[in-house]
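What follows is a set of notes on a single structure, which appears directly below.
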Amino acid sequence: MPAQDVRELRIVGFLCNWCSYGGADTAGVGRFTQPTDLRIIRVPCSGRIDPLFIVRALMNGADGVLVSGCHPRDCHYAEGNFYARRRLEMLKRFLPITGIDERRFEYTWVSASEGQRWQHVVTEFTRRIHELGPAPSFNPKSDVDWNALAVQASQGQGCPCHGSIQA
Amino acid sequence: MSQLDDLKTAIKSRLGDLECVIGWEQGYDPLHATPLFIRSEADLDRLIIGPLAVHNLATYLTGWKGKKVGVVVKGCDSKSVIELLNEKLINRDDVVIFGLCCDGVVSQRKIRAALPADPGFVESVEIGADSLKVTVAGQAATLRLDDVRADKCRVCDTPDALVSDFLIGKAHTPAPAPSLKCQDEFEAKSDAEKFAFWQETMGRCIRCYACRNACPMCVCRDYCIATSRDPLWVSQENLPSENMMFQMIHVSHLAGRCTECGECERACPVDIPLMLLRRYMNKQVRDVFQHEAGKALDQTPPLLTFKVEEERINERGW
């Protein structure tokens, strides 16, 4: 998605130093065309990524978060991405209950030589986020919204089983 | 002898070796129980058990680590004890477990909803086999225990303590409901509805951390990242997004560890149905790792380990 014809969205990428960051570099060196919405944060290993990094990014207004590390079995630290896989999968499965579209978060594996694959991943993910549009915010935008929220909160809409005795 | 008498006899037999035994006593009115720390035989007279003894006393165990204590647990609380043992957060030799065969506990929230007006101070409570007679300001109201039972008891498959030194009471054959209606209804909602729901409920959250403090698996105490200034995971602003962030921290730190004791939701002063999040996360853990926290000793929480080939995680193809 070139920047000139559409408004850019905020996509945060957490990339492991050894594979995916190298893969992104390879794509750059190979001069592959890529969308420009992604902001990359380089981390030592996908095992360094706390799923809460992703939640924090989404809460702070990111429209999408992409995580990429070494392919399983190829981790520079032998097993970091095995732990990461479990954590990230749990986060991805958990997001629907919060009402955050789980498609806004994706994790994948790209090696340092896979410049072409990196281009594909970034292009596809950015296209998906543009289809979803800007992410809604948990926070009210205006004073009117804040007042509406305060009224709602004071009335306590609550869980379906609260207030009634039948679960 | 009644279950209470049996329990008292058991506690009396071990009280000499222990710093204290944690149980329940009557709280500020006959409807509410409060934790009791039994240090002498005289304290034993105040001990109560039954549907009003709602607290999960396993919460206190990590605070007593290194000292020998006894704890009275229901079936659900015993799962928290098992999980603490599995994570080596407490030492089995230091804990004497008085396990109960539990008939279920009440939800104070449902009692409040079932009474005609806010009860305030309750004069007396009579507990029958399947009813609860509550007297407020001279007016008696009889509630069916089934109507005011806590949600977790409807789906409970472990009414009897799973780990214990003394198991007290008659064993049950559990007949849990397959799922909770409120959970199913909530999960069936659209993303937008769920988002709006959390926006509203998190707007109500006063971030008092009662949910965290009541949680038996929240053991970081002063090192909780939600209250640390560096790194600043959650800002001091009272925004729905910050409150939601705190809940996400709680849920993610409990992934694969939560025993669904329901203490977070019970402790919440603004009635946020936190168990919707917990049950959903546990369901995902069951689906992917076939793991249920606190069901068996010597299990490793799934997120503290891995398999090279995960059977139930599809590699993300692009």
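What strands (runs of 3 or more DSSP E), lying completely within the stretch A:37-129, carry at least 1 residues that are of a type in the set (D, E, K, R)? Outline the logic, then answer.
Working: elements: A:38-43, A:64-69, A:105-109.
Once the strands (runs of 3 or more DSSP E) in the stretch A:37-129 are filtered for at least 1 residues that are of a type in the set (D, E, K, R), what remains is A:38-43, A:105-109.
Out of B:GLY75, B:GLY99, B:GLY70, which single residue is out of contact with any His (no Cβ under 9 Å at 6 or more places or on another chain) and within 29 Å of B:SER131 (Cα to Cα)? Steps first, please.
Numbers: B:GLY75 fails: out of contact with any His (no Cβ under 9 Å at 6 or more places or on another chain); B:GLY70 fails: within 29 Å of B:SER131 (Cα to Cα).
Unique residue meeting the criteria: B:GLY99.
For the stretch B:144-161, state whether one or more residues are under 24 Å from B:MET275 (Cβ atoms), at pLDDT below 95, among the aliphatic types (A, V, I, L, M) and in a strand (DSSP E or B).
no
As an exercise: evaluate B:LYS170 against (1) of a type outside the set (S, T, N, Q); (2) more than 10 Å from chain A (Cβ to nearest Cβ); (3) without any contact (Cβ under 8 Å) to a residue 40 or more places away in the chain and give the number of the one condition it does not meet.
Of the numbered conditions (1) of a type outside the set (S, T, N, Q); (2) more than 10 Å from chain A (Cβ to nearest Cβ); (3) without any contact (Cβ under 8 Å) to a residue 40 or more places away in the chain, the odd one out for B:LYS170 is (3).
How many residues are buried (at least 20 other Cβ atoms within 10 Å of the Cβ) and either touching a Cys at 6+ places or on another chain (Cβ under 6 Å) or among the hydroxyl-bearing types (Ser, Thr, Tyr) (or both) when one looks only at the stretch B:130-151?
Of the residues in the stretch B:130-151, 0 are buried (at least 20 other Cβ atoms within 10 Å of the Cβ) and either touching a Cys at 6+ places or on another chain (Cβ under 6 Å) or among the hydroxyl-bearing types (Ser, Thr, Tyr) (or both).
Which residues, counting only those in the stretch B:103-137, are of a type in the set (A, V, I, L, M, F, W, C) and in contact with a strand residue (DSSP E or B) (Cβ under 7 Å, 6 or more places away or on another chain)? Write out each step before concluding.
Going residue by residue through the stretch B:103-137, those that are of a type in the set (A, V, I, L, M, F, W, C) are B:105-106, B:111, B:113-115, B:117, B:121-122, B:125, B:127, B:129, B:132, B:134, B:136-137.
B:VAL106, B:ILE111, B:ALA114, B:LEU115, B:VAL122, B:VAL125, B:LEU132, B:VAL134 - these are the residues of the stretch B:103-137 that are of a type in the set (A, V, I, L, M, F, W, C) and in contact with a strand residue (DSSP E or B) (Cβ under 7 Å, 6 or more places away or on another chain).
Return the total of residues in the stretch B:113-134 being more than 14 Å from chain A (Cβ to nearest Cβ) and under 19 Å from B:ILE48 (Cα atoms).
10
Return the residues of the stretch B:190-218 that are more than 9 Å from chain A (Cβ to nearest Cβ), of a type in the set (A, V, I, L, M) and crowded, with 19+ Cβ neighbours inside 10 Å; say none if nothing qualifies.
Listed by number, the residues that qualify are B:ALA214, B:MET217.
Quick check on the stretch A:93-105: of everything there that is surrounded by 21 or more Cβ atoms within 10 Å (Cβ to Cβ) and at the interface with another protein chain (Cβ under 9 Å from one of its Cβ atoms), which residue is farthest from the chain's Cα centre (by Cα)?
Ranking the qualifying residues of the stretch A:93-105, first place goes to A:ILE97.
Give the residues of the stretch B:22-51 that are in contact (Cβ under 8 Å) with a residue 24 or more places away in the chain and of a type in the set (Val, Ile, Thr), sorted by residue number.
If the condition is that a residue be in contact (Cβ under 8 Å) with a residue 24 or more places away in the chain and of a type in the set (Val, Ile, Thr), then B:ILE22, B:ILE38, B:ILE48, B:ILE49 are the ones that fit.
The values are calculated or read from the model by the stated rules, or taken from the named source; none is laboratory data. Predicted, not measured: the structure shown is a model, and the values here were computed from it. Using ideal geometry, Cβ is built from the backbone for each residue, glycine included, and neighbour counts are taken over all protein chains shown.
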